[in-house]
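Data block below; observations after.
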Amino acid sequence: MKLLVLYQARNPAQDHPGYYEGFERMVAEGQLRAHVPIGYLGVAEARGWDALWTEAHRAAREMQADAVFLQFFHAQMPNPENGILRIKNLPQRPLIFSSLGDPFGRWTHRIPQSFRVASRLSDISFLTGMGYIAQQLAGWGARNLVLMPHGCCQVRFCAPIREHSAESEFDVSFVGSRIRSMNPFGHFYWTARRRAELVAAFTKRFGKRFGLFGKGWEGNRAWQGTIPFASQLEAYRRSSVVLGGMPGAEYDYYTSDRPFIAAASGVPLVDYWVRGVDRLLEPGRDWWLAHDIKELLRLSDTLLEMPGSDRLLLAGETRKRILAHHTQYHRCLDMIQIVRNLMEARRQGRQAAEPELPFLRQSSLPGAPPAAIVGWVR
């Protein structure tokens, strides 16, 4: 398969190194014949959106792309329909697949028009959460909507880590900036309020034994300043427990990349429960899930009461599982396998079976798990 990727980036290798390296590794392994990257934000900012679609059309034509990936295609942009159709109607008829990465609300901060169009024109759309997001997209004409959660960037967070001491500088650490929103009817207003309440509760409970990292927390006695994105593991490793914080959305299966990064730190992770996420990582082994701040505090206390050596052994095994199954390289593998199976079914003129999702585990909760595939038609 020859793959063209339109990255949500100015420089794909720098802005999305996990996905870029993942596809490049697949070329080296012989799983892809070619990977051509275009940073769609960089081209559009420098030369305009018409130039972006001209360049993408030229690249797809010249390389005879079998598939074109519209990665995190929800930036603000003019209607992309004509540009996508130009590529879709090339003589080789490349398969188009897209992905949604950010959290979006049901009523406010809804999915941008750019992705509504892209998903409707895509042969497959990969979503980092399902539930009402998938139902909305299906109602707008999209089909073949498939869960594809975020992963841990293997370029930035998979290097060997120094031995962790059972005597930590902090009891609990949190990495995340303060969100500010003045609109009480907006999606992020309540997310921001809940994050502030979370930080206030942990500051009150742990004082200077709470390591708080990120922008906007000046004046909080636990604040340790800001850190670069790629330095998160260093902050987590200074603590006995990691606090995941707000997921930013509560539709089925949604997480940011934060839990996968934090779980790769070798430190136990306490996080918020969202319906379905128990199928991504195992509660009580890979992470500890809570429904409210009171429960987050209780779970943190329970972990802190464990012998330090037991905590480190448990979290060390979780780190191994993350690096073996939940990096962005693994997400690249999973997407390409699903795309390849659909392409093969179409070549043979048969109905494509619903894809298997190897990152999902059996749920221990009663009842049927939430749908991870919606609108699969071919």
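The values are calculated or read from the model by the stated rules, or taken from the named source; none is laboratory data. Please read these numbers as outputs of a predicted model, since none were measured by experiment. Glycine gets a Cβ as well: all are built from the backbone with ideal geometry, and neighbour counts include every protein chain shown.
In table form, for the structure just shown:
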{"item": "Any hit, segment 316-327, residues being surrounded by fewer than 15 Cβ atoms within 10 Å (Cβ to Cβ) and farther than 15 Å from residue 260 by Cα", "result": "no"}
{"item": "Positions within segment 328-373 being polar (S, T, N, Q) and surrounded by 13 or more Cβ atoms within 10 Å (Cβ to Cβ), in sequence order", "result": "328, 337, 341, 363"}
{"item": "Subset of segment 326-378 (residues that are assigned to a loop (DSSP other than H, G, I, E, B), closer than 23 Å to residue 133 by Cα and among the basic types (Lys, Arg))", "result": "361, 378"}
{"item": "Selected residue (only one of 299, 281 is modelled with pLDDT of 95 or more, over 18 Å from residue 178 (Cα atoms), in contact with a Phe, Trp or Tyr (Cβ under 7 Å, 6 or more places away or on another chain) and part of a loop (DSSP other than H, G, I, E, B))", "result": "281"}
{"item": "Some residue of segment 306-313 being at positive phi and either modelled with pLDDT under 95 or touching an Asp or Glu at 6+ places or on another chain (Cβ under 6 Å) (or both)", "result": "no"}
{"item": "Residue that is nearest to residue 152 (Cα to Cα) [pool: residues in segment 233-254 that are in contact with an Asp or Glu (Cβ under 6 Å, 6 or more places away or on another chain) and surrounded by 22 or more Cβ atoms within 10 Å (Cβ to Cβ)]", "result": "244"}
{"item": "Number of the exception - residue 264 against (1) touching a Gly at 6+ places or on another chain (Cβ under 8 Å); (2) crowded, with 17+ Cβ neighbours inside 10 Å", "result": "(1)"}
{"item": "In segment 327-363, the residues that are at pLDDT 95 or above and of a type in the set (Ser, Thr, Tyr)", "result": "327, 329"}
{"item": "Filter pass, residue 5 being surrounded by fewer than 22 Cβ atoms within 10 Å (Cβ to Cβ) and in a strand (DSSP E or B)", "result": "no"}
{"item": "Failed condition for residue 141, given (1) modelled with pLDDT under 95; (2) surrounded by fewer than 17 Cβ atoms within 10 Å (Cβ to Cβ)", "result": "(1)"}
{"item": "Single match in 271, 257 (criterion: out of contact with any Cys (no Cβ under 6 Å at 6 or more places or on another chain) and buried (at least 24 other Cβ atoms within 10 Å of the Cβ))", "result": "271"}
{"item": "In segment 274-321, the residues that are β-branched (Val, Ile, Thr) and within 25 Å of the chain's Cα centre (by Cα)", "result": "274, 277, 293, 318"}
{"item": "Of all residues making up segment 201-252, the number that are in contact with a strand residue (DSSP E or B) (Cβ under 6 Å, 6 or more places away or on another chain), in a loop (DSSP other than H, G, I, E, B) and under 15 Å from residue 263 (Cα atoms)", "result": "4"}
{"item": "Residue satisfying condition, being out of contact with any strand residue (DSSP E or B) (no Cβ under 7 Å at 6 or more places or on another chain) and in contact (Cβ under 8 Å) with a residue 60 or more places away in the chain, within set 97, 104", "result": "104"}
{"item": "Output for segment 322-349, where each listed residue is touching a residue at least 40 places away in the same chain (Cβ under 8 Å) and touching a helix residue (DSSP H, G or I) at 6+ places or on another chain (Cβ under 9 Å)", "result": "322, 323, 326, 327, 328, 329, 330, 331, 332, 333, 336"}
{"item": "Subset of segment 77-119 [under 30 Å from residue 189 (Cα atoms) and not in a loop (DSSP other than H, G, I, E, B)]", "result": "98, 99, 100, 113, 114, 115, 116, 117, 118, 119"}
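Here is a yes/no grid of residues against (1) touching a strand residue (DSSP E or B) at 6+ places or on another chain (Cβ under 9 Å); (2) surrounded by 21 or more Cβ atoms within 10 Å (Cβ to Cβ); (3) charged (D, E, K, R):
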{"site": "40", "(1), (2), (3)": "yes, yes, no"}
{"site": "46", "(1), (2), (3)": "no, no, no"}
{"site": "57", "(1), (2), (3)": "no, no, no"}
{"site": "88", "(1), (2), (3)": "yes, no, yes"}
